[in-house]
Each structure stands twice: as C-alpha cells, then as structure tokens.
1. What is the one condition in (1) out of contact with any helix residue (DSSP H, G or I) (no Cβ under 8 Å at 6 or more places or on another chain); (2) within 24 Å of residue 77 (Cβ to Cβ) that residue 6 does not satisfy?
2. Counting just the residues of the stretch 21-41 that are touching a helix residue (DSSP H, G or I) at 6+ places or on another chain (Cβ under 6 Å) and part of a helix (DSSP H, G or I), which one comes out farthest from residue 127 (Cα to Cα)?
3. Of the conditions (1) exposed (fewer than 14 other Cβ atoms within 10 Å of the Cβ); (2) touching a strand residue (DSSP E or B) at 6+ places or on another chain (Cβ under 6 Å); (3) at pLDDT below 85, residue 55 clears all except one; give me its number.
4. Filter the stretch 15-31 for residues that are modelled with pLDDT of 90 or more and loosely packed, with under 14 Cβ neighbours inside 10 Å and give the result.
C-alpha cells in the first residue's frame with residue numbers, strides 16, 4: 001500500500017548527464033538508502049524502517065539531449081505487510097488513538113518526503129552550478 005508518492009522533474013542546461021550520475025548515487029547512499037545502478041542513467045534505492053514497518057524508495061532517471069540533462073525523480077513510501085497488520089490491530093483495539101496517530105504519521109512522512117526531495121533537488125542544482133551549468 002503506497003502511503004504517498006512525489007515526483008519532480010528538472011532540466012540542467014549545458015551539463016553532461018554523466019557529471020550528475022555519480023553525485024546522485026553518493027547523495028542517496030549518504031541518506032541511508034541502498035542504491036542500485038540499474039542502467040547508465042537510472043538509479044534507484046530503498047531503505048526500510050522495521051520499527052514502524054515503512055519502506056521508502058526512490059528512482060531517478062537522467063538522460064541527455066542536445067547538450068542538456070533532464071532528470072526526473074520519484075520518491076515513495078509503502079507500508080509493509082507487517083506495518084499494515086500492526087496498524088490494523090491497533091485500529092481494532094483503540095481506534096480513536098489509531099486514527100489520530102495515523103493522521104499524524106502520514107503528515108510526518110509526507111513532510112519528510114517533501115524535505116528529502118527538496119534537499120536532493122537543492123543538491124543537484126548546486127552540483128550543476130558548480131560544473132558551470134544552469
């Protein structure tokens with residue numbers, strides 16, 4: 001079950017795709033994600049929080065066309081089966097608390113995803129500017 005999904009798209013003028021690829025991999029690795037290089041210009045990764053049963057994933061596609069680099073990114077969070085079972089049990093036992101807790105948790109995860117995405121985009125913008133791109 002997807003809790004949330006966020007997508008973003010960027011274009012970098014005058015930057016070669018291979019100049020962004022390695023920094024993108026390093027960035028997500030440092031954020032605690034297991035990073036997989038799926039192809040020369042597709043990177044994905046995930047991390048798992050066993051205490052709350054939440055799996056977070058990202059996918060970044062980078063491609064170059066006519067001297068510009070285009071990047072699209074998707075971040076998402078999914079509740080694992082164990083997380084769903086725990087949530088249902090809590091909801092059955094004490095539904096008012098579960099309802100409030102679920103709303104607070106969703107808001108927290110949504111804010112964290114927005115912050116993660118924003119920090120990543122700021123980082124890639126910085127890397128592009130440092131290499132002379134726009």
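1. In the conditions (1) out of contact with any helix residue (DSSP H, G or I) (no Cβ under 8 Å at 6 or more places or on another chain); (2) within 24 Å of residue 77 (Cβ to Cβ), residue 6 misses (1) alone.
2. Filtering first and then ranking leaves 27.
3. It is condition (1) that residue 55 fails.
4. Listed by number, the residues that qualify are 26, 29, 30.
The values are calculated or read from the model by the stated rules, or taken from the named source; none is laboratory data. Only a predicted model underlies this, so the values are computations on that prediction, with no experimental measurement involved. As a convention, Cβ positions derive from the backbone with ideal geometry for all residues, glycine included, and neighbour counts pool all protein chains shown.
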